[in-house]
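What follows is a set of notes on a single structure, which appears directly below.
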Amino acid sequence: MSTPAPARRGFHGHALNLGSFTDFLALPLNERIWLARRSGDGSAAMSTLTRARVFVAFSRPRTCVPMIFAFQLGLAFAGIEQDWRSALGSIAFFLVGMIANLFNIYSDIGEDSSNMPMRVYQLVGYGRARLLRHTTVLCGLVMLAAAASTPLFFAAMLLALVGAHQYSLRPLRLKERPVLGILLFATVVAYPFVSIVALAPDFRTRISDPRLLVAGAYLLLWFCAKGLVKNVPDFSGDADVRLATSATVWGSRRRAARTAAVASVVVYAGIAVPVLVGAFPVRVLLALLWLPVILWQGVRLVRAETMIEGNNVLRTDMLVSTGFLASLVLLIDPSAATVAVVAAGAVLIAVSDLLRLDSRTKEDSVR
């Protein structure tokens with residue numbers, strides 16, 4: 001993806017010439033931001049195959065698997081059998097996760113130019129305007145999949161897309177609001193879980209089921225802690241551009257890391273609460289076996305001083321949280337269909353890691 005020295009002008013169509021990453025990294029922060037925001041359709045030097053790979057990496061498919069597992073957990077919880085509608089629902093939620101990540105790439109030019117310059121460098125080559133167009137196409141696919149299901153599920157997916165958009169983009173850009181941003185981020189698992197009522201024939205009874213509400217509330221709080229963790233590695237870059245997040249409000253990376261670590265231990269141990277009130281069966285307490293791993297992750301997070309260390313913790317944390325969610329699904333419904341869904345999710349993560357389809361790259365260890 002390397003061509004002659006980086007251009008400072010010519011952002012219409014394919015006129016942009018993109019230099020090497022070393023050249024890009026040597027630019028002042030404000031010039032990196034300027035290039036990204038005016039990249040239009042990107043660089044002609046980027047091939048169609050490379051552009052497709054970058055698009056998938058930008059969508060971070062490994063981070064979207066929890067949405068499939070949460071939806072599967074909802075199916076198991078409600079006793080709804082697998083059929084073509086549930087399959088389309090899983091696909092739709094997976095795409096929503098991708099879309100949320102893509103909107104985030106499009107919007108976070110300032111902080112990413114400091115935190116993850118390789119991501120921004122690839123965005124300049126891909127083209128910011130092109131990225132938005134392609135993301136809009138994915139939004140259309142989600143609505144097509146939802147339209148084939150019930151009208152209520154269509155409405156639920158429309159609301160999911162609005163949330164994915166407004167988390168990163170104006171006018172609300174809720175990620176800049178530490179509390180509301182974390183709560184919206186946490187709906188990544190809670191929303192697919194509770195949205196299962198849209199596929200149930202007795203949805204009016206389901207939506208008021210106390211067990212569903214307790215289980216949904218637990219998943220929301222559990223992923224709030226995940227949100228606290230994921231903001232810690234980006235502390236320096238977010239602070240540089242004065243972005244208020246759940247990490248920067250603590251004033252130091254170490255305090256933010258300690259808060260996230262303690263919150264993680266509390267919410268993972270908190271699986272006992274929905275079990276005690278009857279929302280989950282007693283065998284779900286076996287998920288407490290994850291606690292030693294969570295303690296280890298907390299120590300790693302607090303000790304991570306560099307960007308590469310923080311990204312490594314974050315990468316492992318996604319595997320741990322996805323594994324924990326998979327264990328809940330299997331403990332509640334160890335059926336062949338559920339095992340197949342969990343296995344498919346595991347394969348997807350493994351392939352994504354093998355092909356390095358993630359916009360958090362090893363090159364982003366400059367801080």
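Readers should treat all values here as calculations from the given coordinates under stated rules, not as data from a laboratory. Model, not experiment: these values are computed from the prediction. Counting neighbours? That spans all protein chains shown, and the Cβs are built from the backbone with ideal geometry, glycine included.
Rounded if a/c is under 1.5, else prolate if a/b beats b/c, else oblate: with a ≥ b ≥ c from the C-alpha gyration tensor eigenvalues square-rooted, which is the stretch 118-243? Taking the square roots of the gyration eigenvalues as a ≥ b ≥ c, the stretch 118-243 is oblate. Computed from Cα positions, the angle between helix 65-78 and the longest principal axis of the chain comes to roughly 20 degrees.
Considering the stretch 68-173 at the alpha-carbon level, its Rg and Dmax are found to be 15.8, 47 Å. Seen from residue 333, the other residues with C-beta closer than 13 Å to its C-beta sum to a net charge of 0, counting Lys and Arg as +1 and Asp and Glu as -1. Expressed in units of 2.2 N^0.38 Å, where N is the residue count, the Cα radius of gyration of the stretch 215-339 is 1.14.
A Gaussian network model of the chain, with springs between Cα atoms under 10 Å, assigns the largest mean-square fluctuation among 20, 246, 327 to 20. Dimensions of the stretch 4-145 based on its C-alpha atoms, expressed as ranges along the principal axes with the largest first, amount to 59, 27, 20 Å.
In the chain, the convex hull through the Cα atoms has an average projected area of 17.3 nm², a quarter of its surface area. Per residue, the average separation of C-alpha pairs within less than 8 Å and at least 6 apart gives the chain a relative contact order of 21 percent. For the stretch 36-141, trypsin sites (Lys or Arg not before Pro) are listed when DSSP marks them as loop and at most 11 other Cβ atoms sit within 10 Å of their Cβ; the list is empty. For the chain, the longest principal axis of the C-alpha atoms and the axis of helix 48-59 are separated by about 50°.
log₁₀ I(q)/I(0) of the stretch 113-172 at q = 0.28, 0.30 Å⁻¹, via Debye over equal Cα point scatterers, no solvent, to two decimals? Taken in order of the listed q values, log10 I(q)/I(0) reads -1.11, -1.14. Rounded to the nearest whole angstrom, the semi-axes of the ellipsoid equivalent to the stretch 277-355, taken from the Cα gyration tensor as √(5λ), stand at 27, 19, 7, largest first. Taking 251, 40, 125 as the candidate residues, the one with maximal mean-square fluctuation in a Gaussian network model of the chain, Cα springs under 10 Å, is 251. Against the main long axis of the alpha-carbon atoms of the chain, helix 336-354 sits at an angle near 20°. Largest mean-square fluctuation among 238, 112, 209, in a Gaussian network model of the chain whose springs join Cα atoms under 10 Å apart, belongs to 209.
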